[in-house]
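We did not get these values from a lab; they are worked out from the coordinates using the rules stated. Since we're looking at a predicted model, the values are computed, not measured. Note that each Cβ is placed from the backbone with ideal geometry, even for glycine, and that neighbours are counted across all protein chains shown.
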Amino acid sequence: MREGQAAAPELTSVQLMEQFRAVAHASHNRTNARMSAAGLSLARFRVLNALHSAGRIRMNELSAVLGVVPRTVTTIVDALEKERMVVRLADPGDRRATLLEITQEGLSQLRRFRALHDSAAAELFDVLTAADRHQLATLLHRLQAAADADTGGSLPARPEPADLQSPQR
């Protein structure tokens, strides 16, 4: 700090949390707006991405992977099925259960929208140097561990790793 320059006031946990939420919210809205304008919401993208990563999966498992209530997944899957991006299949291990699987059309759309998703992420994080990114990842990992500990072990407070990375295809 330079002489004669006042120290920056200490940030409270609440201020940091609000700033963190604001960045997450703005990033989510910006990405969702870009993807929706091109024809696919971020929520639908996340479902397709999770199905691609998991292969065949039950609806309740998909709900847990995404960290959302089953009704939300049902609504999204119904729409994706109508657009022939997802199919429901009988579960050979349980006649009462249904498996979900991404279709070729779903894969095609996923590839197309992954580029939009990735460019939105790049726009946000390109303002950071490699050292900044590393430091941010370290801090986020520590915060994630604290958030997961607060859930009491019920559901993870984070998306699955498949949601965090775009597999290169």
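Computed from point charges on the beta carbon alone (+1 for Lys and Arg, -1 for Asp and Glu), the dipole magnitude for segment 48-149 about its Cα centre is near 280 Debye. Close amide H partners of residue 57, meaning residues 5 or more places away or on another chain with modelled amide H under 5 Å apart, are 100.
Working from label points 7 Å from Cα in the Cα-to-Cβ sense, the residue 143 to residue 15 distance is 1.6 nm.
Here the sum of -39500 (n - 2.57) over DSSP H runs of 4 or more residues, divided by the residues of the chain, equals -21000 deg cm²/dmol at 222 nm, to the nearest 500. Computed over segment 1-73, relative contact order equals 16 percent, with contacts defined as Cα pairs under 8 Å that lie 6+ residues apart. Can you say what percent of the DSSP beta bridges in the chain, counting only those with both residues inside, are antiparallel? Round to 5. So the antiparallel bridges amount to about 100 percent of the total. Label segment 53-155 by shape, choosing from rounded, prolate and oblate, from the square roots a ≥ b ≥ c of the eigenvalues of the Cα gyration tensor; if a/c is under 1.5 it is rounded, and otherwise prolate applies when a/b is larger than b/c, oblate when it is not. Here segment 53-155 falls in the oblate category. Multiplying the residue separation of residue 34 and residue 112 by 0.36 nm and removing their Cα-Cα distance gives an extension gain of 26.8 nm.
Look at the alpha carbon pairs under 8 Å that are at least 6 residues apart: their mean separation over the length of segment 10-132 gives a relative contact order of 25 percent.
Of 60, 49, 29, the residue with the greatest mean-square motion in the GNM of the chain, using alpha carbon springs below 10 Å, is 29. Figure legend: label point modelled 7 angstrom from the Cα of residue 84 along Cα→Cβ; residues of segment 18-56 with amide N under 19 Å from it are 39-40, 48. Taking every DSSP beta bridge that has both ends in segment 41-105, the antiparallel portion is near 100%. Multiplying the residue separation of residue 8 and residue 26 by 0.36 nm and removing their Cα-Cα distance gives an extension gain of 4.0 nm. For segment 37-52, putting each phi into the Karplus relation 6.51 cos²θ - 1.76 cosθ + 1.60 with θ = phi - 60° gives couplings of 4, 8, x, 9, 6, 4, 4, 5, 4, 4, 5, 4, 4, 5, 5, 4 Hz, in residue order, rounded to whole numbers and with x for Gly and Pro. The 3J(HN,Hα) values that the Karplus relation (6.51, -1.76, 1.60; θ = phi - 60°) gives for segment 81-89 are, in residue order, 5, 4, 8, 6, 9, 9, 10, 9, 10 Hz. Gly and Pro appear as x.
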